[in-house]
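Each remark here refers to the structure printed beneath this line.
Just so you know, all these numbers are worked out from the coordinates, no wet-lab data involved. The model shown is predicted, which means the values in this text are computed figures rather than measured ones. Cβ coordinates were reconstructed from backbone atoms using ideal geometry, including for glycine residues, and neighbour counts include every protein chain displayed.
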Amino acid sequence: MSSENFRKARDIQPAPTSAPVTTQTGSAAVKTIIALLSVIVLLVSGVGYFTVGRLGGGMSSASNLNLGGDGNGGQGFKDNVDGAVDILLVGSDSRSDAHGNRLSDEELAALHAGVDDGEENTDTIMVIRVPDDGSRATAVSIPRDTYVHDAEHGNMKINGVYAAHKSAKVDELVTANEAASDDSEKLSEKEIEQAGVDAGRAALLDTIRGLTDIEIDHYAEVGLLGFVLLTNAVDGVDVCLNNAVDDPMSGAKFPAGESTLDGAEALSFVRQRYGLPRNDLDRIVRQQAFMASLVNKVLSTGTL
């Protein structure tokens, strides 16, 4: 992504007021479910990429994951007999775009993303349940420092499961490539990277299933850049702070009271943990508040 495109991503303007508007009708519960699913679609499909011409020929996809259940939960876990839709929303600190291209130093600096060490931890893990009866949707965040037992890697923090399995798969395939005598048997770098991503996602899903006993129906994953583009695509998100903050680590510098955050500001808002009374637990509160405000923004526009 060039510096020019990055600037465009930050400066997306709202649609002209003369644009045709389709008014939403129906109950508030139905609208809320539609808004939630719309947000998930935005996250999964990378709709924000259309706005800056970055979709290209391919699109990041998680369509090959084993999702949903079959009457017995698919893999021995409790089936969602209430018909609720369970969505696993993952925020990755990936320093790549949807096509696996690494962000430039300029872009990393603008996002206060720190040094690109190649790791992709999933520091935001949120299970969202949309009840079948149309009642209020709920979200439960799993703290990134939650310790879990991984069959292959032993006891570890849950935010490292994705990265550990991805790295192990990549190493395995690189070794296999080196041992292959025929070039036709070798995988490309992109194929190896995708296989690693698939392994990381599958391992994280298995871990969440084992921890919560919930069969996940949908999976959404967004990286740092995708989060910025998503926020800009809805023309910013409103937040409200009890106290002013100034955190050089995340770049979060906001006054007390209400603010409308653009993509880069929103990323700082949901990533700040230093200077907060309960550290990562307060960051979780912010992330949930941001998601709620994002859904409200979609509802309040009166358009889909």
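Which residues, counting only those in the range 233-248, are in a loop (DSSP other than H, G, I, E, B) and out of contact with any helix residue (DSSP H, G or I) (no Cβ under 9 Å at 6 or more places or on another chain)?
Initial filter on the range 233-248 (in a loop (DSSP other than H, G, I, E, B)): 234-236, 242-244, 248.
Passing the criteria: 242, 243, 244, 248.
The set of residues in the range 125-151 that are in contact with a helix residue (DSSP H, G or I) (Cβ under 7 Å, 6 or more places away or on another chain) and farther than 14 Å from residue 216 by Cα comprises 134, 135, 137, 141, 142, 143, 144, 145, 146, 148, 150.
Among the residues of the range 197-211, which ones are of a type in the set (Val, Ile, Thr) and either within 12 Å of residue 221 (Cβ to Cβ) or touching a Leu at 6+ places or on another chain (Cβ under 8 Å) (or both)?
So in the range 197-211, the residues of a type in the set (Val, Ile, Thr) come out as 197, 207-208.
Selection gives 197, 208.
Does residue 177 meet the test of being over 27 Å from residue 293 (Cα atoms) and either surrounded by 15 or more Cβ atoms within 10 Å (Cβ to Cβ) or touching a Gly at 6+ places or on another chain (Cβ under 6 Å) (or both)?
Details: over 27 Å from residue 293 (Cα atoms): yes; either surrounded by 15 or more Cβ atoms within 10 Å (Cβ to Cβ) or touching a Gly at 6+ places or on another chain (Cβ under 6 Å) (or both): yes.
Yes.
Taking the numbered list (1) assigned to a loop (DSSP other than H, G, I, E, B); (2) aromatic (Phe, Trp, Tyr); (3) crowded, with 22+ Cβ neighbours inside 10 Å in turn, residue 274 passes all entries but (3). Taken over the range 246-299, residues that are in contact with a Ser or Thr (Cβ under 9 Å, 6 or more places away or on another chain) and acidic (Asp, Glu) amount to 3. The number of residues in the range 253-271 that are outside any helix (DSSP H, G or I) and surrounded by 13 or more Cβ atoms within 10 Å (Cβ to Cβ) comes to 6.
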